RNA sequence: UGGGCCGUCGACUAAUGGUAGGUCAAGUGCCUUUGGAGCACUUUGUCUAGGUUCGAAUCCUAGCGGCCCAGCCA
């Protein structure tokens, strides 16, 4: 096509903002908000919303508020608001205003009184059960409540007494008076306020009536003069109601725009289900590195840049789709590859003795810290007669296309020497427990002066110098692409992967890692990207595998396995 | 079944009546002191049927398929 750089990535929400800017609809203002309910930890799906809300405002010199949608005191806690703030910051965004829907409870109450006076709202004495029966079904219209036509004065009196705490939970509600026959169920006189005698994390015992989402959300947007209220697709049916309240009240007309929420293969993004995993102890907490929460992903070693790049690449639309997990993994690898130092670590050690290497000799070999970053420099790695290599890097009987060490075969020890396997030592059950080799002194550093080639380079660690570590290897938390796909009578926990966590205890690391600090990220050469876990202590290091390197041999092996 | 929304390579997403393109995945080759990274190339797509038009992924009609809604949750 043309040689110009690819056009700025756009999407339909951005296009709407662009149009509004062009027509000067809001005097050039762009005001968004990110409105989480503090009833759980944020997950990668929220990251998409955050990038949109903050990203679009940033792009057009607008503003974004962080607003906690705290209208349900029974589920909300300050622990969650703190974690949410930390996660937003970690992702790299800064809010302009920090608000709570509960900041607006007084205003919301006054507006409710106005709607009552205008004959647009009424107190209903029906029980929850009766209200449901009166609501009708998808195909049949609802029936009016017998209390629907109470006089405004009576409604006012009752509503004030609801607030005053005269009535029991669930005994009455305030409802908007719209249309019980609407084909949109949300318009069949939705509940605006319910009675809940519960301590609220911010307002304490001040209120015993709490506004419902539909009444609180749009009004909060309006109070903050939000121009573009971006939310997910399931709220599409609520938009007429969102607009109805704003219209009746005659307040600032915020506009709701809906996009598709993120779905990922092998992943559950439902706060309710994630809570269940935590409560049932299926994972070690909200920040378990297997969790799709931002705190879990962070602990796993993902970077905010990787997540932002991922979100930017998946786009925004209204089609309900599922992103392949491989897409996310690609963006972590891409980011970590550029920034993270290389290091040698052996997860499952196999002892190698180099018979012709001097008994007590130790050499300091030069190793490149990051071939992608010349500025990262080099380090010294000790080499000696007894080493550990990866068990996977030796086969007594090599399968076809296997290039690593096997009897009679010569390979390169990275930054070390060429070695050739001579003999093996087996234990009583016939397993190879030790491999003997000879080395070629002329190949120091890994180059053969005679120009001969080897088909493989493997990593190693000097046995006498190695430090021990625990390494936690993670696989997908679920075995099915769609964890919700279950047999009758089962729930999603039936799809939990029993092998999602493997703890490797005897790993051997090169000595430079002794000073690795919590959060530090590394590439263990040929294995993957790893980071130092929160549980790590000096002398008792613990690493998480963030993501494995792409493994061409694994693919070959799999193909061979499939054939046989 | 009433209403709302949505159908473009295996996945995600562009093309806004005018050359169906990008990313991921998959495959092939090159290169390589990481079977990593990188580079090059390749395969596969407009849900169906009609219509409007010089020209349709785009507009119209009808089908088909998917998602969401009957909380005093958000």
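Some observations on this one:
- Sequence ranges A:396-405, A:172-181, ranked by mean other-Cβ count within 10 angstrom, highest first: A:172-181, A:396-405
- Entry note, segment A:22-259: relative contact order of 19 percent, from Cα contacts under 8 Å with a spacing of 6+ residues.
- Going from the fewest other Cβ atoms within 10 Å to the most, the residues A:207, A:553 appear in the order A:553, A:207.
- P(r) weight above 13 Å for segment A:357-415, C-alpha pairs, percent: 71 percent
- Across all directions, the average flat footprint of the convex hull enclosing the Cα atoms of segment A:491-539 is 5.0 nm².
- Ranked list, fewest to most other Cβ atoms within 10 Å of each Cβ, for A:220, A:270: A:270, A:220
- Extents of chain A, taken as max minus min of Cα coordinates on every principal axis and listed largest first, are 101, 57, 47 Å.
- Antiparallel bridge percentage (DSSP; both residues within segment A:157-268; nearest 5): 60 percent
- Pairs of alpha carbons in segment A:4-103 whose separation is greater than 21 Å (percent): 40 percent
- Computed on the Cα atoms alone, the convex hull of segment A:22-259 gives a volume of 127 cubic angstrom per residue.
- Placing pseudo-labels 7 Å out from each Cα toward the beta carbon at residue A:326 and residue A:77 gives an inter-label distance of 3.9 nm.
- Peptides A:146-154, A:225-233, ordered by how many other C-beta atoms sit within 10 Å of their residues on average, highest first, read A:225-233, A:146-154.
- In nm, spacing of pseudo-spin labels at residue A:114 and residue A:309 (7 Å Cα→C-beta vector): 4.9 nm
- Between residue A:368 and residue A:205, the simple label model (points 7 Å from Cα in the Cβ direction) yields a spacing of 7.0 nm.
- Share of alpha-carbon pairs per 5 Å distance bin for segment A:384-454, given as whole %: 3, 15, 28, 25, 17, 9, 3, 1, 0
- Average Cα contact separation per residue, chain A, under 8 Å, 6 or more apart, as relative contact order %: 11 percent
- Derived value for segment A:302-457: Kirkwood hydrodynamic radius 18.5 Å. Basis is the mean of 1/r over every pair of different alpha-carbon atoms.
- Alpha-carbon centroid distance for the pair segment A:534-564 / segment A:192-217, whole angstrom: 49 Å
- Per-peptide average of other Cβ atoms within 10 Å, ordering A:291-299, A:433-441 highest first: A:291-299, A:433-441
- Relative to one another, the C-alpha centroids of segment A:247-272 and segment A:501-523 are positioned 41 Å apart.
- Of the three principal axes defined by the Cα atoms of segment A:210-362, the extents in descending order read 90, 36, 27 Å.
- Each Cα pair under 8 Å and six or more residues apart adds its separation to the average, and for segment A:90-196 the resulting relative contact order is 27 percent.
- Where only C-alpha atoms are counted, convex hull volume of segment A:173-238 per residue in Å³: 120 Å³
- Kirkwood radius for segment A:521-564, taken over all pairs of different Cα atoms as the inverse mean of 1/r, rounds to 12.3 Å.
- Percent of Cα-Cα distances greater than 20 Å, calculated over segment A:137-286: 64 percent
- Quotient of Cα Rg and 2.2 N^0.38 Å for segment A:239-301, N being how many residues it contains: 1.72
- Ascending count of other beta-carbon atoms within 10 Å, so fewest first, for A:319, A:203: A:319, A:203
- When both segment A:99-155 and segment A:313-388 are represented by their alpha-carbon centers, they are found 62 Å apart.
- Percent of beta bridges antiparallel (DSSP, segment A:22-259, rounded to nearest 5): 50 percent
- Beta bridge orientation in segment A:345-459: antiparallel %, DSSP, nearest 5: 75 percent
A short reminder: the numbers here are calculations on the coordinates, not readings from a lab. This is a predicted model, so every value here is computed, not measured. Counting neighbours? That spans all protein chains shown, and the Cβs are built from the backbone with ideal geometry, glycine included.
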